[in-house]
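In what follows, a structure is listed as structure tokens, so that the remarks can point back to it.
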Amino acid sequence: MDRFLARLMRRMLSLEGRLTRGGFWALALLLGGSFVVLFVFLESALGRGATWLLYPPFFWSAAALLVKRLHDRARSAWWLLVAVIPVLGPLWLFIDLALRAGTPGDNQYGDDPRLVRADYLTVA
């Protein structure tokens, strides 16, 4: 269980490595769901002002997921600046990161995450 949590935290907070499209969706839904639950809990228990504590870790985790997904598409984190272009920037990021497959094989950002746990049989 400790290994699972450590791996989950590394995936949610680290800016290094690559993330598959399925992993991106799963972690994005987990992040969004946990944000909503914590927001409602803090607002009802401590008031609206306490919810401000959630925003920095939420935005950092969201940025980490987006950067890893960009890495899987063989792009640098600077491509996040496309989001400042009204309407088309966020739309392009959504299509590119959430709907398109990553680059096959290894790239400059790491090993192919689809092949990390692959088991190959070598025949001599």
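We did not get these values from a lab; they are worked out from the coordinates using the rules stated. Computed from a predicted structure; not experimentally measured. Note that we place each Cβ from the backbone using ideal geometry, even for glycine, and neighbour counts take in every protein chain shown.
What the table below lists for this structure:
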| quantity | calculated |
| --- | --- |
| Estimated dipole of segment 2-99 in Debye, rounded to 20 [Cβ of Lys and Arg +1, of Asp and Glu -1, Cα centre] | 300 |
| Folded to 0 to 90 degrees: helix 21-46 orientation relative to the chain principal axis, Cα | 10 |
| Computed helical MRE - 222 nm, the chain, DSSP H runs ≥ 4 contributing -39500 (n - 2.57), nearest 500 | -17000 deg cm²/dmol |
| Shape of segment 2-99, Cα gyration tensor, a/c cut at 1.5 | oblate |
| Two-site label geometry, Leu53 and Arg10: point separation in nm, points 7 Å out along Cα→Cβ | 2.9 |
| Max mean-square fluctuation residue, GNM over the chain, Cα-Cα springs under 10 Å, options Ser34, Ser14, Ser76 | Ser34 |
